[in-house]
Amino acid sequence: MAYKRGGFLSEKGNGDAMAYEVLARKWRPQKFDDVVGQDHVVQTLKNAIESKRLAHAYLFVGSRGIGKTSIARIFARALNCKKGPTATPCGTCDSCIEIAKGTNLDVLEIDGASNNGVDQVRDLRETVRYAPTHGPFKITIIDEVHMLSTAAFNALLKTLEEPPAHAKFFFATTEPQKIPATVLSRCQRFDLRRIPTPQIVERLRLMGKAEKVSIDEDALLAIARGAEGGLRDAQSALDQLISFRGNAITEADVLSVFGLVARASLEALADAVLGGDIPGLIRLIGELDDSGKDLQRLVVELMEHFRNLLVVLNVDTPALHGDLTDAQLEVLRRQAGRSDTSRALRIVGVLTEAEDRMKFALSRRTLLETALIRCARAATVVSLEEILIQIQALRAGLGNAPAGVAVAAGIPAGTAGSSGPTLATLRPVVRESAPAALVAGAAPAATQEAYAEELRDLMREWKALKEKVAKQAVQAKAILADARPVAVDAGRVVLAFDAEFPQEMKRFETGRDRLALEYALGAFLKRKVKVDFVLVARDPLAEAAASAPEAAKAAAAPSAGGSGAAGRKGKSPQEWAKDPAVNKALEMFNGTILDVRE
Ligand SMILES: [Zn+2]
C-alpha cells in the first residue's frame, strides 16, 4: 500500500478542520487501491471506468468515516485525470492535484447539510449546464445528500432526469431512507461496509509506525473497537492519543481516554457469566464502575462478545470470523467449549433487554449486576429438553457405567487427546446390565446378541441414516462424515470419531445436531437412545468396528453374574457419588445425593 503524504484541504473544503483530523487527512487514500475495506465498491467502479460504462449519478451509502467521500474524490480524479478516464489516476497532473486540493473548477463539492435549500440547487443546475473547463466531466459531489429539502430534491431531480452528457453526480449519505425514491431510482447505489476490526488495526499499526509512535497490540485493538468500523474515527482517536500521551501508547491509555473496558476485563466477565461465578461478577462490576467505566458501553461490548461466541459456536468458516483478531478467537474458542448456542442466545437476550433499560436506569450498576446474574443463571441453567434427554440417558446408563469407563456423556476435553480410548475401554459400554424394564420401550428379551445385531444393522444403514439427520440438521452431515457407530446398548449408541477430529466431536456434544441424530437413531432402533462419542485412533477404530459383536459377547460374560440391579443394592450415597454416571448427573444439576431408592 502506498500513501501519498501531503497537505490537503479538509473535507468539504471549509478550512475549519480541527487539529485532530491531521492524521486522517495525511492518510486520506489517493488511489482506489488505498481504500481500506471497501473492495466490493472499488472493484465495481474500476470495472465501470475501464469498460466505459458510466452512470450519471452514484450514491455511496454507509456510516460515518468509512470512506464515502474519499471514494467519490478518487472517482472524480479517475474521470478527470489528464490520462483518464482511468482506474488508476496519476495523482500528478493538474487535475489530480487540484481535485485533491478542492480547487478544481470542474469538481464541485457541496455539503448537503448547509446547502440544502432550493436556491442552492437551482444555482447548481445552472453551473452543471455549462461545459467543463478542463476535464471531460463536470462532477458534483454532495455529501450528506439526505439533508436536502424536498424542494431542493425536486429541483435536483429535474437535472437527474435529463442530465447533460458531461454531468456526473456523486452523492454520499448515512441515511438513504431519507432520500426520495424518485432520486434513488436514478442513482447507482453502493453500500459501504463497516471496516473489519483487523483491517483498522492493521492501518493504525502502519500509521503508528510512520509517525514513530509505539502502540501495543491491545491498544490498537481498543482504538479499533472504539471506532466501531469507522476508519476516520480511529484515526482521529489515534491523533488525540498522540497529543495526550506522546509517542508511547498502551491499552490503558486508550481505555482511560475512551471509557472503554479492557479486553481482558470483558473476557473475565464473560468467563464469570459462563461459569456461574456470581461473587466474581459482583466484584468485577464493582471494579469497573469504581474506575469510571461507561457501563452502558460495557453492556454493548458484552453483547458483542456473546454474539461473537455464537459465531464461533456455529460457524466453522474462518473467513466468516472476519472481524475477530487471533487473540479474541483463542478466548472465544475456549469459552465455546463451556457453552452452547441456546445458552449464548439466552445471554444475548438478557443483555439486549438490559441495554434497553439502562438508558433510563437510576443505578446502572445495580441494573448491570442484576442482568449479569440473570445471564450467569441462563448460562448454567439446563433446558427442559436437555434435562429430559439426560434423565433418559441416565436411566439407561446407571447400571452399565462401572468406574473407569472412558465413555460417558460429554467426554471432558482433557480426555479427548490423540491417545483416545482403545477397544478395551470401549468394551464396558457394550456390556448392558441395566434391567430392561428401566429403559422405556426396550424389548424385555434384548440380549447382547440382539445389540450386536442392531450394531451391524446400524453400520449397514449408517449412510442413509446420516442423510436423514442432515435433513433436520444441515451442518450435522459434514461432522458425521468422520464418525461411525461402534457400540449399541439399551439406552445409547456410541459413535467413534477419528482422533484427528476432536473438535468435530466437541461440536456434537450439545445442541440441535445432537438432538436430530438422537431422534433418527431412536426411530431406527425403535427406542429412545442417547448418543455418546469417543475418540479413537484410526486403527483401533477399524478394529473396534470389525470386532464389536465379539466384543459384545466377550463383555457379556463378566456381567452374567448379575452385577446389575443386585450389585447396586446397599450402596451408600457416598459410593453412589463415585459412580461416573451419577457423578455426571450431580455435576449437571449441581446437586447432592439426599436419598437412594432402589
Ligand atoms: Zn492525473
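Just so it is clear, none of the values below were taken in a lab; they were calculated from the coordinates. Treat the numbers as computed from the prediction; the structure is a model and nothing was measured. Note that each Cβ is placed from the backbone with ideal geometry, even for glycine, and that neighbours are counted across all protein chains shown.
Annotations
- A protection proxy built from the mean count of other Cβ atoms within 10 Å ranks the segments 133-140, 273-280, most packed first, as 133-140, 273-280.
- With Cα atoms defining each centre, region 21-72 and region 259-312 are spaced 37 Å apart in the structure.
- Cα gyration tensor shape for region 107-228, rounded if a/c is under 1.5, else prolate or oblate: prolate
- Count Lys and Arg as plus one, Asp and Glu as minus one, and take only other residues whose Cβ is under 12 Å from that of R186; the net charge is then 0.
- Charge dipole magnitude, Cβ of K and R +1, D and E -1 - region 263-380, Cα centre, debye nearest 20: 340
- Three-way shape call for region 237-362 based on the alpha-carbon gyration tensor, with the a/c threshold at 1.5: oblate
- Cβ crowding within 10 Å, taken as a proxy for footprinting-reagent exposure, orders E461, E454 from fewest neighbours to most as E461, E454.
- Distance violations [Cα-Cα > 26 Å] among K26/K178; K83/K209; K26/K212; K82/K168; K68/K293: K26/K178; K83/K209; K68/K293
- Across region 299-374, Cα-Cα pairs farther apart than 18 Å form 43% of the total.
- Proxy reagent accessibility, fewest Cβ within 10 Å first, across F258, F169, F533: F258, F533, F169
- Short-range pairs are left out: with C-alpha atoms under 8 Å and at least six residues apart, the relative contact order of region 50-140 is 24 percent.
- Simple spin-label estimate for K477 and K158 in nanometres, 7 Å along Cα-Cβ: 6.0
- Taking D39, D340 and counting other C-beta atoms within 10 Å, the order from fewest to most: D39, D340
- Rounded to the nearest Hz, the phi-derived 3J(HN,Hα) couplings of region 173-178 under the Karplus curve 6.51 cos²θ - 1.76 cosθ + 1.60 (θ = phi - 60°) are 7, 9, 10, x, 5, 8, where x marks glycine and proline.
- Computed FRET value (nearest 0.05) for S149 with T127, which takes r as the C-beta separation and R₀ as 22 Å: 0.70
- Three-way shape call for region 156-223 based on the alpha-carbon gyration tensor, with the a/c threshold at 1.5: prolate
- Kirkwood Rh and Cα Rg combined as Rg over Rh, evaluated for region 31-191: 0.93
- Relative contact order of region 234-321, pairs being alpha-carbon contacts under 8 Å that are 6 or more residues apart, as %: 23
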